[in-house]
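Read the structure below first, then the notes.
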Amino acid sequence: MSEKNREAKRSARERLQQERVADRAREKRRRTLIMAATVAGVLGMVGVVGVIAANVKKDREIEAAGAASAPSGVNGKDDLAIPVGATDAPATLTVYEDFRCPACAQFENGFRRVIHELERSGELKAEYHLATIIDGNMGGTGSLRAANAAACAQDAGKFPPYHDVLYANQPLETDDAFASNDKLLELAGKVPGLESAPGFRQCVEKGGHDQWVDKAAEAFRTGGFSGTPTVLLNGEAVFPKKGSEDITPENLKKWVKEANKGKKPGTATPSAPSSIPAGAPERAGRGPDEAPASESAPDASDASGAPEPAAHPATVPEARPGEQPAA
């Protein structure tokens, strides 16, 4: 073989080796790129999944916080009292009640006028604590559902008139009508502006304050109270008696004036627009075709001002040893 042919073959082998090296380099780069893309995709998916999981967790936390959140403007220990009236009123009427409790309706329907009169004059502020005794005693969820709806009305600045409407339209104790959100929304239509208030319907339907109501009900059960209504004037029990005197509208007004002797009426507006404004009707929420309160709602007092025999109060049942009383 001539020297020329050998040189040509060597050049061909070298070119083939160079091409193989280049091919291997290209293949290595291709695998590297594929691996990098795969890793990036996996990391991207992990990141997306992580973001989704974080958002779901955040949404659940927000949902739970919303369910447990207190209504606007509440006060008292653990923010469990819904206030009505001037915040600096010299006398405080504390009321523990259940929207299904007949005795509570008798108290509210019988003393509504004088309580609102004293609130408007700045002599008295009321603080309402909501309980769910009847749900526990009779079964059902009407106490809880009505209390949640009332708390939603507080957010809308409409608690006092809606509170009054619920008691004026209270069903029989054995009828759990307030368990229906549709019924509660229907009654909200009796309060101007409430049914259409932003967020009210959703708050009622989703149970926006259910956990807050549960917390208020638990505080009542463990608070040493015997039943609803429990009514205190400046911390002293006044229902059905204050000392040896029966509670009547006139006596309640007298007791408030005695407690406020030498004190100025309150004028401060609550942080939430929940007080009864001056000049408002004594039964807020009454529609133009609805009968006056004395005709449509039972009144606990007769013409002489003396209360009728009180409806049997809702009592907290005794607990077994080591158990908390039932709701």
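Computed values, structure above
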read-out	value
Test: residue in region 270-286 that is modelled with pLDDT of 95 or more, of a type in the set (Gly, Ala, Ser), under 32 Å from the mean Cα position of the chain (by Cα) and surrounded by fewer than 18 Cβ atoms within 10 Å (Cβ to Cβ)	no
Residues within region 87-116 that are part of a loop (DSSP other than H, G, I, E, B) and closer than 17 Å to residue 266 by Cβ, tallied	4
Test: residue in region 228-237 that is under 21 Å from residue 96 (Cβ atoms), out of contact with any Asp or Glu (no Cβ under 9 Å at 6 or more places or on another chain), among the aliphatic types (A, V, I, L, M) and free of Cβ contacts under 8 Å to residues at least 24 places away in the same chain	yes
Residue within region 198-206 that is open to solvent by 30 Å² or more (accessible area, probe 1.4 Å), of a type outside the set (Phe, Trp, Tyr) and not in a helix (DSSP H, G or I) present	yes
Cβ pairs under 7 Å, 6+ apart, first in region 238-266 and of a type in the set (Asp, Glu), second surrounded by fewer than 18 Cβ atoms within 10 Å (Cβ to Cβ)	246/240; 250/305
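For (1) open to solvent by 10 Å² or more (accessible area, probe 1.4 Å); (2) of a type in the set (Ser, Thr, Tyr); (3) without any contact (Cβ under 8 Å) to a residue 12 or more places away in the chain; (4) over 14 Å from residue 228 (Cα atoms), each residue gets a yes or a no:
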{"position": "93", "(1), (2), (3), (4)": "no, no, no, yes"}
{"position": "97", "(1), (2), (3), (4)": "no, no, no, no"}
{"position": "134", "(1), (2), (3), (4)": "no, no, no, no"}
{"position": "137", "(1), (2), (3), (4)": "yes, no, no, no"}
{"position": "140", "(1), (2), (3), (4)": "yes, no, no, yes"}
{"position": "145", "(1), (2), (3), (4)": "yes, no, no, yes"}
{"position": "160", "(1), (2), (3), (4)": "no, no, no, yes"}
{"position": "165", "(1), (2), (3), (4)": "no, no, no, yes"}
{"position": "169", "(1), (2), (3), (4)": "yes, no, no, yes"}
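The values are calculated or read from the model by the stated rules, or taken from the named source; none is laboratory data. On a predicted model such as this, the values are computed, not experimentally measured, just so you know. So basically every Cβ, Gly included, is an ideal-geometry build from the backbone, and we count neighbours across all protein chains shown. The area values use the complete protein model at the heavy-atom level, side chains included, leaving out ligands, DNA and RNA. Shrake-Rupley method; radii C 1.70, N 1.55, O 1.52, S 1.80 Å.
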